[in-house]
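Have a look at the structure below, then the notes.
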Amino acid sequence: MLETLDTVTWAEAGLLLAGLLGAGFVASWICTGVLTCSRRAYIGVLALLTVVAWATFAAATGTSIYDTARHRWPAGLVAAVVTGLLTGAALRRKEPPTQHLAGSELRAAAALEGLVYGVAEGLLLSALPVFIAWQAAADAGWSEGPAWAVSLVASALMIVVHHLGYWDYRGPQVALVVAGCGLLSLGYLATGSLLAPALGHALMHVMGVTGGIVLPPHARPPAVQPAP
């Protein structure tokens with residue numbers, strides 16, 4: 001069960017969620033579609049955005065990030081392993097391997113794209129929007145069932161908006177991303193532990209990287225020149 005705060009109104013939660021959605025889209029769109037940043041730079045920006053977003057929410061609500069992070073952590077570890085393995089296995093079945101790393105290159109990729117990128121996305125897509133929506137539902141006096149529903153919808157909306165910033169996720173394929181990340185959001189709701197989406201997403205990324213899968217953002221294919 002997620003923590004319920006008494007310092008957040010549903011209107012304040014709505015503003016925080018709107019700001020989060022805007023920032024999530026702008027980060028992916030500007031970095032990958034406008035500036036075409038390097039992967040390392042983009043991962044750095046995404047990690048910084050996650051830190052700033054959580055710090056802003058904590059400052060606005062008087063929340064202790066440390067206390068929130070350790071809330072029901074044993075259950076979070078179990079959920080992270082289960083959801084991470086399930087989503088990682090699904091990713092390996094769906095995506096063909098396109099890179100072959102080994103040795104120090106593989107370890108570096110697993111650390112950067114698996115842990116840093118994975119934890120950042122897990123907290124940004126499957127934890128913070130869920131937590132914000134949960135507070136809005138609590139302030140509105142909703143029962144547990146509707147609160148679960150609106151929290152999952154908020155996470156799904158965040159996942160869709162963020163991935164619309166990638167050139168190749170502006171179609172029906174984004175539904176598969178929502179399903180995978182949504183399972184991580186469900187793990188967070190079920191346990192109330194930030195470790196569930198953060199480490200679950202990281203495990204999924206590590207399984208992808210070690211399976212030779214390039215995670216988004218993907219480079220655009222070169223334009224085909226018309227025949228003379």
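A compact table of results
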| read-out | value |
| --- | --- |
| Filter pass, E113 being within 28 Å of P221 (Cα to Cα), in contact with a Lys or Arg (Cβ under 9 Å, 6 or more places away or on another chain) and charged (D, E, K, R) | yes |
| Selection status of V206, buried (at least 19 other Cβ atoms within 10 Å of the Cβ), in contact (Cβ under 8 Å) with a residue 60 or more places away in the chain and either under 23 Å from G84 (Cβ atoms) or in contact with a helix residue (DSSP H, G or I) (Cβ under 7 Å, 6 or more places away or on another chain) (or both) | yes |
| Close pairs (8 angstrom Cβ cut-off, 6 or more residues apart or separate chains): over 16 Å from G122 (Cβ atoms) and free of Cβ contacts under 8 Å to residues at least 60 places away in the same chain in the range 50-63, surrounded by fewer than 14 Cβ atoms within 10 Å (Cβ to Cβ) and small (G, A, S) anywhere | A58/S64 |
| First in the range 178-193 and in contact (Cβ under 8 Å) with a residue 60 or more places away in the chain and in a helix (DSSP H, G or I), second anywhere and of a type in the set (K, R) and surrounded by fewer than 19 Cβ atoms within 10 Å (Cβ to Cβ), Cβ under 6 Å, 6 or more apart | T191/R72 |
| Unique match (being among the aliphatic types (A, V, I, L, M), more than 28 Å from R220 (Cβ to Cβ) and modelled with pLDDT of 95 or more) among V119, V160, V153 | V153 |
| Checking C37 against (1) in a helix (DSSP H, G or I); (2) out of contact with any Ser or Thr (no Cβ under 7 Å at 6 or more places or on another chain); (3) surrounded by 14 or more Cβ atoms within 10 Å (Cβ to Cβ); (4) of a type outside the set (V, I, T), the condition it does not meet | (1) |
| Unmet requirement for I132, which otherwise passes all of (1) in contact (Cβ under 8 Å) with a residue 40 or more places away in the chain; (2) in a helix (DSSP H, G or I); (3) of a type in the set (V, I, T); (4) surrounded by fewer than 20 Cβ atoms within 10 Å (Cβ to Cβ) | (4) |
| Checklist (1) more than 21 Å from Y42 (Cβ to Cβ); (2) among the polar types (S, T, N, Q); (3) in contact with a Leu (Cβ under 9 Å, 6 or more places away or on another chain) applied to S64, failing item | (3) |
| Residue within the range 162-175 that is part of a helix (DSSP H, G or I), touching a residue at least 40 places away in the same chain (Cβ under 8 Å) and among the hydrophobic types (A, V, I, L, M, F, W, C) present | no |
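The values are calculated or read from the model by the stated rules, or taken from the named source; none is laboratory data. Remember, it's a predicted structure, so these values are computed and weren't measured experimentally. Using ideal geometry, Cβ is built from the backbone for each residue, glycine included, and neighbour counts are taken over all protein chains shown.
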